[in-house]
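Q: Let me begin by handing over the structure; questions about it come next.
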Amino acid sequence: MKRKTAKILETDLYEPIRNFFVKKGFDVYAEVNHCDVTAVREQELVIVEMKLNLTVELLVQAAKRQRITDLVYIAIPKPKHRLGSKKWYDICHLIRRLELGLILVSFQKSGTNMEIAISPEPFDRLKSMQRNRKNRASMIAEINGRNGDYNVGGSSKTKLMTAYKENCIHIACLLDRFGPLSPKALREMGTGDKTLSILNKNYYHWFDKIKRGTYTISAIGKKELEAYPKQVQYFFGLSDEQ
């Protein structure tokens, strides 16, 4: 018969955290003014808030402690799921964004250990934005490539209208109205620099290549255009102005 694993309690986190800071030369105290752990070394004051799970309540509690000191940690048992996952990366980004520290406590047969996964440091928002300037440029390009707001915010498991799809609809509309055309002719009618790539990839199977450098709309394309009356009306209106 398998032995049941002992249930981890919040109080089980205290001893390894206490031992760590004692070895660093801190005087450590539990439950001071409702703080789970406080550690003092000369003018340094460290506060640690402990929970069995990382929750909004824990983050709020820790953020309040930042009114007292910059050195605030949250401590949780080390998660069993993969720490290299996107979800965990996003969680760590939030913790850094809040300028909090993160302590992970491991419970093993050999003993209990803790590690500082994140140190409480000032968050450089400008540097973060500079690192993500490609994502910003991509978002601006996507917005500029759309001709209307055809989606509903908060939608999930729903096909979304993107700038790429609008570009495909534009090309399909022109082929439907004017018959077979070359990528150059389509670009001259306003379909943009991605025209040849869209025709070659043919992601939606809306196009047929009838000869070298000449494309037409496929039967699938004609049928599926019916699902986008607003976009078709808009692009037909553009072609009428040309």
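Here, each number is a calculation from the coordinates, and none is a lab measurement. These numbers come from a predicted model, not from an experiment. Here the Cβ is made from the backbone with ideal geometry for all residues, glycine too, and neighbour counts use every protein chain on show.
Q: Explain nothing, just compute: Karplus ³J(HN,Hα) = 6.51 cos²θ - 1.76 cosθ + 1.60, θ = phi - 60°, for every residue of the range 33-50 in order, whole Hz, x for Gly and Pro.
A: For the range 33-50, the Karplus curve yields 6, 6, 8, 4, 9, 10, 9, 10, 9, 6, 8, 7, 10, 10, 10, 10, 10, 10 Hz.
Q: Specify the inter-centroid distance of the range 34-64 and the range 201-225, based on alpha-carbon positions, in whole Å.
A: What the calculation gives is 61 Å, centre to centre.
Q: Treating the Cα atoms of the range 10-125 as identical point scatterers in vacuum, please give the log10 of the normalised Debye intensity I(q)/I(0) at q = 0.15, 0.16, 0.17 Å⁻¹, two decimals.
A: Log-scaled intensity ratios, in q order: -0.63, -0.72, -0.81.
Q: Along the charge dipole of the range 10-125, Cβ charges K/R +1 and D/E -1, which of Pro120, Val32, Gln43 sits furthest on the positive end?
A: After comparing all options, I get Pro120.
Q: Still on this model: Dividing the alpha-carbon radius of gyration of the chain by 2.2 N^0.38 Å (N being the number of residues), what value is obtained? Kindly include the intermediate steps, with their values, before the conclusion.
A: Values: Rg = 29.0 Å, N = 242, 2.2 N^0.38 = 17.7 Å.
After normalising by residue count via 2.2 N^0.38 Å, the value is 1.64.
Q: Once the piece of chain linking Asn135 and Lys80 is laid out straight, how much longer is it, given 0.36 nm per residue of separation minus the C-alpha distance between them?
A: Details: separation 55, 0.36 × 55 = 19.80 nm, distance 3.09 nm.
Length difference between fully extended and current span is 16.7 nm.
Q: Round to the nearest 10 and give me the degree value, 0 to 90, for the angle of helix 14-23's Cα axis relative to the longest principal axis of the chain.
A: Result, in degrees: 80.
Q: A further question follows. Roughly speaking, what is the stretch gain from Glu10 to Ser239, that is 0.36 nm per residue apart minus the C-alpha to C-alpha distance, in nm to one decimal? Intermediate values should be presented prior to the final figure.
A: Values: separation 229, 0.36 × 229 = 82.44 nm, distance 6.74 nm.
Stretched out fully, the Glu10 to Ser239 stretch lengthens by 75.7 nm.
Q: By how many degrees, between 0 and 90 and to the nearest 10, does the Cα long axis of helix 229-241 differ from the longest principal axis of the chain?
A: 50 degrees
Q: Based on the inverse mean of 1/r over its pairs of different Cα atoms, what is the Kirkwood hydrodynamic radius of the range 108-148, in Å? Please list the in-between numbers first.
A: Numbers: mean 1/r = 0.0699 Å⁻¹.
So the Kirkwood estimate lands at 14.3 Å.
Q: Extension gain Glu115-Ile210, at 0.36 nm per residue separation less the Cα-Cα distance, in nm? Walk me through the intermediate numbers first.
A: Details: separation 95, 0.36 × 95 = 34.20 nm, distance 6.40 nm.
The Glu115-Ile210 span can extend by a further 27.8 nm.
Q: What does a probe at Glu44 reach in the range 63-88, counting residues whose amide N is under 17 Å from the point 7 Å along Cα→Cβ?
A: Output list for this probe position: 69-74.
Q: Please work out the Cα convex hull volume for the range 89-210 and give it in Å³ per residue.
A: Numbers: hull volume 24.7 nm³, N = 122.
Residue-normalised Cα hull volume stands at 203 Å³.
Q: Classify the range 163-241 as rounded, prolate or oblate, taking a ≥ b ≥ c as the square roots of the eigenvalues of its Cα gyration tensor: rounded when a/c is under 1.5, otherwise prolate if a/b is larger than b/c and oblate if not. Spell out each step's value before the answer.
A: Working: a/c = 1.45, a/b = 1.19, b/c = 1.22.
Rounded is the answer for the range 163-241, as its axis ratio a/c remains below 1.5.
Q: How much mean residue ellipticity at 222 nm does the chain get from its helices, if each DSSP H run of length 4 or more adds -39500 (n - 2.57) and you divide by all residues, to the nearest 500 deg cm²/dmol? Before the final figure, lay out the partial values.
A: Values: 10 runs with 100 residues, N = 242.
It comes out at -12000 deg cm²/dmol, rounded to the nearest 500.
Q: Residue by residue, what Karplus-based ³J(HN,Hα) values in Hz, rounded to whole numbers, does the range 105-113 have, using 6.51, -1.76 and 1.60 with θ = phi - 60° and x for Gly and Pro?
A: 10, 9, 10, 10, 4, 6, x, 9, 10
Q: Go through the range 116-157 and name the trypsin sites (Lys or Arg not before Pro) that are in a DSSP coil and have 12 or fewer other Cβ atoms within 10 Å of their Cβ. Present the calculation step by step, with values, prior to reporting the outcome.
A: Values: sites: Arg125, Lys127, Arg131, Arg133, Lys134, Arg136, Arg146, Lys157; in loops: Arg146, Lys157.
Those satisfying the criteria are Lys157.
Q: Right, here's the next one. Can you give me the long-range amide H partners of Ala75? Hydrogens built in the peptide plane at 1.01 Å from N, cutoff under 5 Å, separation of 5 or more residues or another chain.
A: The answer is Glu49, Met50, Lys51, Ile103.
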